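Participant: Can you read through this structure? Questions will come right after.
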Amino acid sequence: MPMNKFYVFIILVSLSGCKRSNPNDSFSNASFIDISFFNRDKIKIDSMLINASKDEDFKSFYKKYNYEVAWTNKEHRDFLINEIGVATNEGLESKDYNHQILKSFELKYEELPDSTIVKYDLLLTSSAQLYVNHISKGKLNPKKLYKDWDLKEKKVNVNEILFDCIDNNNFDQAIENCKPSHIIYKKLKNCLALLKQFPEETTYNLIDLKERIIPNKKNKYIPIIKKRLMYWGDMIEKDTILSTLYDKKTQDAVKIFQTRHGLRPDAVIGRSTIDALNYSRNQRIEQVVVNMERWRWFANDFGNHYLLINIPDYSIVAVKEKDTTQIQKIVVGKETRPTPILESKISNINLNPNWTVPPTILKEDIYPEAEKDRGVFRKKGLKIFDRKNNEINPHTWKKEDANKYKYVQDPGRNNSLGSMKINFPNKYSVYLHDTNHRDYFAFSYRSLSSGCVRLEKPLEMASYIINDTTKWSYKRIKDTTDIKYYYKLQKAKQKQLDKLNAKLLAKNPNYIIEKKPQPKPELKTIVVKINEDIYIHQLYWTAWENNGVLNFREDIYCLDANLYSKLRY
């Protein structure tokens, strides 16, 4: 950081010795005024040196202390230096906070001249402020890294925190409160500690497998796979390493490994299993570090009632008053159309939604097909409307006029949104919804949508969110979204009408009954407003720990390695 570099530079160029200066020398130094003869704890700092900084937090810190050194208490200094020294426990680096320089100053503190104590104090302050900022809201700003991350920027009053530390001797609690309190962040810290206990891999062979390995078959890579499984603790019992047979014992270990990595535990060693096996310990450490950084970006408080989506885990959980009330599988955006990371609040639920095709899908999918065959509109159930809401004949459609129209799919089970969608304000026009590709939920790799999140059990989620068993029981929601239900109602109504007509004819055989054709049943879109505050958190994390078991997920958007390089730059 510029502030740290500035003060490190001041220190390096100004240190000409470690002996205490005499009063005459002190007055010739512009960075402080020596009143140590009266009180060593009240060394004045030249306000010009403070005000030259562009950092408002830095300036206001010393203004509060009347431009005097603030770190006069050895316990305070020791705490800060020790905390920075173990920054690796938080996935950070102590060198970013000048740990070695601060430590060297502290070792000879009693011998330092007042001018150097001033510089030491300035560096302590800038390092402390930077560290508090980093552990509170992250070292990097996601909005500057990604276009599809829309998280509320955290506001941190670093001076308020440091004043509490110094004035109230509240270092332990105040600094700990800066760190994310989420259980997943704490599990990531456990994960990091566990990984560091694994032995260094002096030799590490990658598995270059082109075909799948089927149980009970021989393969030359089996010995390497066994070594990897034993290294990670998935295969506890010693085995004959040289055997190339994919035996039952190895199969069981592979299933454990696959489960930990969110893969189908079928013991078939395919590309995804190989990719996970090929991660080294250090790569996993890096993965945990970047996930800790992400959790510093996420909101400190998710709310009392929320839906939490982990995109790489293809999962959604509903949490109310700290209890998990729903768990479902999801389908998320493919790598070329990733699901955005965001925080919002549910506004309403649409039952039987129609689907207005978004611009990206029109441009990349619909238009190219339509140029070859106008029949694609009917095949996909799309109606074309002009700006006056007049329906356009698909066969008159022209590419040059394409952007003048909107393309709508009527409600129905085969609609791309299925039977339900959950709306919440966001700038990406995404939502949670049902799908007409329900077979996708059987896959372990489910990065397959165009950006929205598809739910495995949409009507159950709708019933849960609406939470009104009187007006909107699960049965009513199910009936409302089922066209067969409306046909059944129509049939029952016709049956009643036929009975009535039969009675009329029995009394008057010459009575002429006019037969009126029944309109074809159709699904109508119903909007149900959600009054309860239920928040949405679409987040991204690829590692955690659970009861001592390391869990990892595929980095489906290839973000981990790049983020780690930026953190360590």
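The values are calculated or read from the model by the stated rules, or taken from the named source; none is laboratory data. Note that the structure is a prediction, hence the values are computed from the model and not measured. Every residue, glycine as well, gets a Cβ built from its backbone with ideal geometry; the counts of neighbours run over all protein chains shown. Just so you know, the surface numbers come from the protein's heavy atoms only, side chains and all, with ligands and any DNA or RNA stripped out. Shrake-Rupley method; radii C 1.70, N 1.55, O 1.52, S 1.80 Å.
Participant: Rank these residues by their accessible area, most exposed first, probe 1.4 Å: 512, 349.
Facilitator: The ranking, largest first, comes out as 512, 349.
Participant: In this model, which of 421/516; 227/249; 137/345 are farther than 24 Å apart at the alpha-carbon?
Facilitator: Correct reply: 421/516.
Participant: With θ set to phi - 60° and the Karplus curve 6.51 cos²θ - 1.76 cosθ + 1.60, what are the ³J(HN,Hα) couplings of the range 279-285 in order, to the nearest whole Hz, using x for Gly and Pro?
Facilitator: Values, residue by residue: 6, 8, 4, 5, 5, 5, 4 Hz.
Participant: A further question follows. Over the range 236-361, give the accessible area per residue in Å² for a 1.4 Å probe, as an integer.
Facilitator: Values: 5000 Å² over 126 residues.
For the range 236-361, the solvent-accessible area averages 40 Å² per residue.
Participant: Here's a follow-up. Just to make sure I understand: if all protein chains stay in place, what is the order of 72, 339, 202 by accessible area at 1.4 Å, largest first?
Facilitator: 202, 72, 339
Participant: Still on this model: For a quick protection proxy, order the peptides 212-221, 537-546 by their average other-Cβ count within 10 Å, most packed first.
Facilitator: On the way: 212-221: 13.7, 537-546: 22.2.
Highest mean packing first, the order is 537-546, 212-221.
Participant: What does the net charge come to around residue 344 if you take all other residues with beta carbon closer than 13 Å to its beta carbon, with K and R at +1 and D and E at -1?
Facilitator: For residues surrounding residue 344, the net value is 0.
Participant: With a 1.4 Å probe and all protein chains kept in place, how do 456, 56 rank by accessible area, largest first?
Facilitator: Putting 456, 56 in descending order of accessible area: 56, 456.
Participant: Using the Cα centre of the chain as the reference point, and only Cβ charges (+1 on K/R, -1 on D/E), how large is the resulting charge dipole? Debye, rounded to the nearest 20.
Facilitator: 3620
Participant: At a threshold of 8 angstrom on Cα-Cα distance, excluding pairs fewer than six apart, so keeping six or more, what relative contact order does the range 355-492 reach in percent?
Facilitator: Values: 153 pairs, mean separation 23.8, N = 138.
Relative contact order for the range 355-492 comes out at 17 percent.
Participant: Which lysines have a Cα lying under 19 Å from the Cα of residue 119, excluding residues fewer than 8 positions away in the same chain?
Facilitator: Straight-distance partners of residue 119: 5, 19, 42, 44, 54, 59, 63, 64, 74, 95, 103, 108.
Participant: I'd like the FRET efficiency for residue 245 and residue 387, computed as 1/(1 + (r/R0)^6) with the beta carbon distance as r and R0 of 56 Å, rounded to 0.05.
Facilitator: 0.25
Participant: What net charge do the residues around residue 486 carry, taking every other residue with its C-beta under 12 Å from that of residue 486, with Lys and Arg at +1 and Asp and Glu at -1?
Facilitator: Summing Lys and Arg as +1 and Asp and Glu as -1 gives +3.
Participant: So, one more: Would you work out the relative contact order for the chain, in percent, from Cα pairs under 8 angstrom that are 6 or more residues apart?
Facilitator: 15
Participant: For the range 513-569, report the accessible area per residue in Å² (1.4 Å probe, heavy atoms, rounded to an integer).
Facilitator: That works out to 59 Å² for each residue.
Participant: Then there's this: In the range 220-282, with Lys and Arg counted as +1 and Asp and Glu as -1 at Cβ, which of these residues, 224, 246, 257, has the Cα nearest the positive end of the dipole, that is, farthest along it?
Facilitator: It is 224.
Participant: Next up: Rounded to the nearest 0.05, what FRET efficiency do residue 379 and residue 153 give with R0 = 45 Å and r taken as the Cβ-Cβ distance? Could you check?
Facilitator: 0.50
Participant: If you stretched the chain out fully between residue 47 and residue 74, how much longer would it get, using 0.36 nm times the residue separation minus the C-alpha to C-alpha distance?
Facilitator: Here the answer is 7.3 nm.
Participant: At 1.4 Å probe radius, can you tell me the per residue accessible area of the range 363-498 in Å²?
Facilitator: 60
Participant: Share of the range 467-569's accessible area from carbon and sulfur, percent, 1.4 Å?
Facilitator: That share works out to 55 percent.
Participant: Around residue 277, what is the net charge, scoring Lys/Arg as +1 and Asp/Glu as -1 over all other residues with Cβ under 12 Å from its Cβ?
Facilitator: +3
Participant: Could you give the nm distance between label points at residue 216 and residue 568, where each point is 7 Å from its Cα heading toward the beta carbon?
Facilitator: Going by the 7 Å Cα→Cβ label model, 4.5 nm.
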